[in-house]
1. For T102, T231, T145, what's the fewest-to-most ordering of other Cβ within 10 Å of each Cβ?
2. Across the range 104-118, in residue order, what do the Karplus-derived ³J(HN,Hα) couplings come to in whole Hz, using 6.51 cos²θ - 1.76 cosθ + 1.60 with θ = phi - 60° and x for Gly and Pro?
3. Once label points are set 7 Å from the Cα along Cα→Cβ at both S7 and A85, what is their separation, rounded to one decimal in nm?
4. Rounded to a whole number of µm²/s, how large is the Stokes-Einstein D of the range 1-139 at 10 °C and 1.306 mPa s, given Rh as the Kirkwood radius over C-alpha pairs?
5. Is it possible to state the helix-based mean residue ellipticity at 222 nm for the chain, with each DSSP H run of 4+ residues giving -39500 (n - 2.57), the sum divided by total residues, to the nearest 500 deg cm²/dmol? What is it?
6. Taking amide H positions as placed in the peptide plane 1.01 Å from N, state which residues far from R21 in sequence (5 or more) or on other chains have amide H under 5 Å from it.
7. Measuring from a point 7 Å past the Cα of T185 along Cα-to-C-beta, which residues in the range 91-131 have an amide N at less than 18 Å?
8. Using the Karplus curve 6.51 cos²θ - 1.76 cosθ + 1.60 with θ = phi - 60°, work out ³J(HN,Hα) for each residue of the range 59-73 in order, rounded to whole Hz, and write x for Gly and Pro.
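Nothing in this text is a laboratory measurement; each read-out follows from the coordinates by a stated rule. Please read these numbers as outputs of a predicted model, since none were measured by experiment. Cβ coordinates were reconstructed from backbone atoms using ideal geometry, including for glycine residues, and neighbour counts include every protein chain displayed.
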Amino acid sequence: MDYQTLSIAIADKVATVTLNRPELRNAFNEAAIAELALAFDELGRNELVRAIVLAANGPAFCAGADLNWMKKMAGYSHSENQLDAARLADMLRTIYLCPKPTIAKVQGDCYAGGMGLVAACDIVVAAEGVNFCLSEVKLGLIPATISPYVIKAMGEQAARRYFITAERFDAAAAARMGFAHEVVTMEALDTTVAGIVKSLVSNSPHAVVEAKKLVREVVGKPADEAMVLDTAQRIAAIRASDEGREGVSSFLEKRKPSWLN
């Protein structure tokens with residue numbers, strides 16, 4: 001597909017999806033939402049891809065919603081607004097449920113809906129100078145569609161503050177609250193992400209998919225009998241899988257597993 005708002009490159013089993021509207025601070029509109037949903041859906045099903053990096057061109061990572069798109073929304077009916085918001089929610093869910101591990105490489109400021117894009121990813125690496133902001137209430141809005149992912153990422157207590165104050169906070173604060181996994185200098189951003197990607201693609205592709213699903217489906221649930229049975233079934237299934245058998249055999253035989261060949 002000829003993407004208008006993104007650039008996509010695949011090399012060495014890694015896909016890089018780059019927000020590519022630098023002149024608009026990578027703010028998204030209907031086209032960007034549709035293209036992001038399509039890109040992550042297709043890459044998630046691409047057997048040649050083992051990890052996906054979400055990056056951005058220009059000084060900002062993502063400024064949230066495009067002003068022209070917001071002007072159009074101002075004239076929408078309730079049903080039109082609901083349909084429009086559902087497309088954004090579906091796109092975020094596609095990123096969150098993508099079977100491939102996803103890494104957000106945040107090189108510039110990230111506001112409003114942009115924080116939803118980042119929070120939907122599995123791993124977040126931010127440059128030291130980055131600022132974050134949930135600015136919706138300044139415009140009389142709320143961060144509704146991004147809230148499931150942002151609250152998971154920063155925690156309820158931090159969300160209670162930043163959802164209602166719309167204060168900016170820096171990358172160091174993002175790391176303290178758990179929103180960012182690592183904060184590095186701009187010069188170290190590429191190499192840090194490359195190191196994480198190298199770890200991801202060296203692991204069993206099937207196990208990575210199942211481990212990602214495990215976190216999502218276990219978190220918040222009680223350690224009751226149903227959970228004990230479920231997790232036992234999961235480990236039994238992965239042990240009996242082709243990659244599970246190959247991984248254990250290669251370890252015992254002191255050789256590389258087949259997925260590294």
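1. Numbers: T102 26, T231 14, T145 19.
Exposure proxy ranking, most exposed first: T231, T145, T102.
2. Going residue by residue, I get 8, 9, 9, 9, x, 4, 9, 10, 6, x, x, 5, x, 4, 5 Hz, with x marking Gly and Pro.
3. 3.5 nm
4. For these conditions, the coefficient is 105 µm²/s.
5. Working: 11 runs with 132 residues, N = 261.
Calculated mean residue ellipticity at 222 nm is -15500 deg cm²/dmol.
6. N26, N57
7. 106-108, 126-130
8. Going residue by residue, I get x, 10, 6, 6, 8, x, 7, 5, 4, 5, 5, 5, 4, 5, 4 Hz, with x marking Gly and Pro.
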